[in-house]
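Enquirer: Handing you this structure, nothing more for now.
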Amino acid sequence: MKLSLQGIQSPEYLEKGYLLPAFDVAKMAQRTKTAPTWLHFGAGNILRAFPCVLCQKLLDAGATDRGMIVVETYDEEIIDKAFTPFDNLCLAVSLKSDGRVEKRVVASVAEALGYRSSLARVREVFTSDSLQMVSMTITEKGYGVGETDNFDAPETIMGILARLLYERYLAGAKPIAMVSMDNCSHNGTILYASVRRVAGSWAEKGLVRPDFLAYLDDPAQVSFPWSMIDKITPRPSPEVMQMLVEEGFKDAELVVTGKRTFVSGMVNAEECEYLAIEDSFPAGRPPLEKAGAIFGTRDTVNRIEKMKVCTCLNPLHTFLAVFGCLLGYSKICEEMKDRTLVRLVEKLGYDEGMPVVCDPGVMSADTFIREVLTLRLPNPYMPDSPQRIVCDTSKKLPVRFGETLKAYLAAGKEDLGFLTCIPLAFAGYARYLTGIGDEGDPFELSPDPNLPALTPLLEGFRLGMPFDTERLRPLFENEEFCGVDLYACGLGRKAESMFSEMCMDVGAVRKTLEKYAV
C-alpha cells in the first residue's frame, strides 16, 4: 500500500477501510494549476490534517472543482520529504475517543512549492485573476517583523507576503482575502499590522508606490478576516505509525528535516474540529461552510475565539502542559487519569473561567468545555504531549489567563485574590522555568522565544533551598507575560507563595496541587 497516485489504485486500500478521493485527482490538479482559487502558506501537520481535509470533502461532494496550492517558506525541505515523494498525497488519520480510527487519503493539494526554489511560480499563482484567498498556518512566531526586511529578498514570512501583495497590486490591484488560520487572538488584525508595518517601511524609503498602502488599507480590495481554528494535531505517533505498518501501509516512516521538523506521509489528529471565519472575501471564496466551517461577523468569530482560547480549551491545555512537565508525564491523556489534575482543570474552567466566559451565541460554551474535559483531553488514542503543548508558553499566558483576569477587572472586581487556579498556573510556569521536576531531576525546557529573558530569574535555584521570590517580580508584574500586573490585582504575592510551596522539597509540586484541588 504505497502512498502515490498509482499506489492508491491498490484494492487493499478499500479492503482495509481507507477513504479514497471520490474525484479525478489529475483533472483537479490541472484545473487548480491553471486557475487557482486557494493558496496556502505553511506546509505543516495542521494544514494536512484540517484545511486540506476540508477541501477534500468539498471536492468529494462536487462542491468545488479546485484544490489547494501550498507554499512553504521556513523549512522547504518539508516539500521534498512530505509532499513530492507522495505525489502531494497525505494519509490523514482521525483518532476517535471511542477507539475507532478513520484513515483518509487526502489528495486536495494540487501543487506544493518551496518559496525560494519556486519563486517565479509562487508569484504567478499569487497574481492570478482567479485567486480568492491566501491562508496560512505559520505559528504565532511567524508574525514577527524584522527591523529592516529586504525588499528584493524578504527574510520573514511577513515580508514575503507584503512583497507578493505588492506584486498583486502592480498586476492590477486585484482583490484578495488574507486569512490567518493560526491560533492567536485577533489573528487577522495581527497579520494586517505586520504586513502593513513592512509595507509602510518600504513606502518611507520610496521602494513602493504610495497607493499600495491605500490598497492594503481598503478591505474591499484586501481583507484580513479573523478566524478561530481548533484541532489538536500532534506530531506523528509511533503507535499510529506501527498500526499502519502492520496493515501494510508503506509510507508512515517519520522523517526529521534539517530544521527539526517531524514529517511523514501521514498525520494524526483528534476527531473534533472547529473553524470559524469572518465572512469578508472581496474576491469570493470556496464554500467551506459545506464542509463544516462557520462563517459570520467579526464579532461572532471574536466571541468563539475568546470562548475557546481564554476559557474552554487553551487555558486547560496550558495548565496540564506546565504541570505535566513538572510531574514527569509524557501524554496529556495520561494526565486526565490523575484525579488531582482533573479536579484542578475543572475548577479552572468551570469555577474561574465560565463566570466571565464570552458567549458566542452560535454554539454553547458549556457543551464545548464538557466535550473538552470528557472527550478531547482524555482521548487515549491521541498521543499528544505536555512537552509539545508547553512550547512558547510565555507568549500564550497573557491571552489564556490574562484575558480572564481582565474580564473580572472590567466587571468591577479590583481584588482577584479569590482566584486559585489562575495564580497557580502562573506560579507553576515559574516553577517550570527552573527546569527541575518534582522528583528533583532536570528536564529540558521546550522551545520558547522568551527563555533567554526569563530563565535568568531562576538562576541559582536549588530544590529545598531558600529562594527570594522577589526575583519573580519581573515576570509577575509584566503585562507582556501575564496580561495584567498580578500585584496590582491581588495575585502577585499569592503566586509567589504558591511558587515557594512547590519548591520546598521533592514532591512539593504534587503536595501543592493536592492542597488547592480540594
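The values are calculated or read from the model by the stated rules, or taken from the named source; none is laboratory data. Everything numeric in this text was worked out from a predicted model, so none of it was measured. Here Cβ is always computed from backbone atoms with ideal geometry, including for glycine, and neighbour counts include all displayed protein chains. Each accessible area value is taken on the protein alone, full model and side chains, heavy atoms only, with ligands, DNA and RNA left out. Shrake-Rupley method; radii C 1.70, N 1.55, O 1.52, S 1.80 Å.
Enquirer: How many of the residues making up region 255-275 are surrounded by fewer than 19 Cβ atoms within 10 Å (Cβ to Cβ) and either of a type in the set (A, V, I, L, M) or over 26 Å from GLY62 (Cβ atoms) (or both)?
Expert: Looking only at that region, the number is 7.
Enquirer: When the residues of region 367-397 are filtered to those that are of a type in the set (A, V, I, L, M) and without any contact (Cβ under 8 Å) to a residue 60 or more places away in the chain, which remaining residue is nearest to GLU239 (Cα to Cα)?
Expert: Checked region 367-397; the qualifying residue nearest to GLU239 (Cα to Cα) is LEU373.
Enquirer: From the list ASP149, ASP129, which one is at pLDDT 95 or above and either under 26 Å from GLN221 (Cα atoms) or touching a strand residue (DSSP E or B) at 6+ places or on another chain (Cβ under 9 Å) (or both)? Give the derivation first.
Expert: Working: ASP149 fails: at pLDDT 95 or above.
After ruling out the rest, the residue left standing is ASP129.
Enquirer: Being charged (D, E, K, R) and open to solvent by 30 Å² or more (accessible area, probe 1.4 Å) is the requirement here; does GLU155 meet it?
Expert: Spelling it out, GLU155 is indeed charged (D, E, K, R) and open to solvent by 30 Å² or more (accessible area, probe 1.4 Å).
Enquirer: Name every residue in region 202-220 that is surrounded by 14 or more Cβ atoms within 10 Å (Cβ to Cβ) and within 19 Å of MET178 (Cα to Cα), in order of residue number.
Expert: PHE212, LEU213, TYR215, LEU216, PRO219
Enquirer: Another question, if that's okay. Anything in region 276-290 that is in contact with a strand residue (DSSP E or B) (Cβ under 9 Å, 6 or more places away or on another chain) and either open to solvent by 10 Å² or more (accessible area, probe 1.4 Å) or assigned to a loop (DSSP other than H, G, I, E, B) (or both)? List them, or say none.
Expert: GLU278, ASP279, SER280, PHE281, PRO282, ALA283, GLY284, ARG285, PRO286, GLU289, listed by residue number.
For (1) buried (at least 21 other Cβ atoms within 10 Å of the Cβ); (2) within 23 Å of LYS96 (Cα to Cα); (3) hydroxyl-bearing (Ser, Thr, Tyr), each residue gets a yes or a no:
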{"position": "PHE295", "(1), (2), (3)": "no, no, no"}
{"position": "VAL301", "(1), (2), (3)": "yes, no, no"}
{"position": "CYS312", "(1), (2), (3)": "yes, yes, no"}
{"position": "THR318", "(1), (2), (3)": "yes, yes, yes"}
{"position": "PHE323", "(1), (2), (3)": "yes, no, no"}
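Enquirer: Restricting attention to region 327-349, which residues are open to solvent by 40 Å² or more (accessible area, probe 1.4 Å), without any contact (Cβ under 8 Å) to a residue 24 or more places away in the chain and in contact with a Leu (Cβ under 9 Å, 6 or more places away or on another chain)?
Expert: Listed by number, the list is empty, since nothing qualifies.
Enquirer: Kindly evaluate THR340 against the criterion of being within 25 Å of PRO360 (Cβ to Cβ) and of a type in the set (S, T, N, Q). Write out each step before concluding.
Expert: Numbers: within 25 Å of PRO360 (Cβ to Cβ): no; of a type in the set (S, T, N, Q): yes.
It is false that THR340 is within 25 Å of PRO360 (Cβ to Cβ) and of a type in the set (S, T, N, Q).
Enquirer: So which pairs qualify, if the first residue must be in region 432-459 and closer than 15 Å to LEU472 by Cα and without any contact (Cβ under 8 Å) to a residue 40 or more places away in the chain, the second must be among the basic types (Lys, Arg) and open to solvent by 60 Å² or more (accessible area, probe 1.4 Å), the Cβ gap must be under 6 Å, and the two must be at least 6 apart or on different chains?
Expert: Once the first residue is closer than 15 Å to LEU472 by Cα and without any contact (Cβ under 8 Å) to a residue 40 or more places away in the chain and sits in region 432-459, its partners that are among the basic types (Lys, Arg) and open to solvent by 60 Å² or more (accessible area, probe 1.4 Å) give LEU457/ARG471.
Enquirer: How many residues are buried (at least 23 other Cβ atoms within 10 Å of the Cβ), among the charged types (D, E, K, R) and in a helix (DSSP H, G or I) if we restrict to region 30-71?
Expert: 1
Enquirer: Another question about this same structure. For PRO236, all conditions in the list (1) under 30 Å from GLY17 (Cβ atoms); (2) at pLDDT 90 or above hold save one; what is the number of the exception?
Expert: So the condition that PRO236 fails would be (2).
Enquirer: Looking at the structure I just gave you, is ALA269 in contact with a strand residue (DSSP E or B) (Cβ under 7 Å, 6 or more places away or on another chain) and in a loop (DSSP other than H, G, I, E, B)?
Expert: No; evaluated as a whole, the condition is false for this residue.
Enquirer: Need the failing condition index for GLU289 against (1) over 30 Å from PRO11 (Cβ atoms); (2) at pLDDT below 95; (3) over 20 Å from the mean Cα position of the chain (by Cα), just the number.
Expert: All conditions pass for GLU289, except number (2).
Enquirer: Checking ARG168 against (1) at negative phi; (2) open to solvent by 20 Å² or more (accessible area, probe 1.4 Å), only one condition comes out false. Which one?
Expert: (2)
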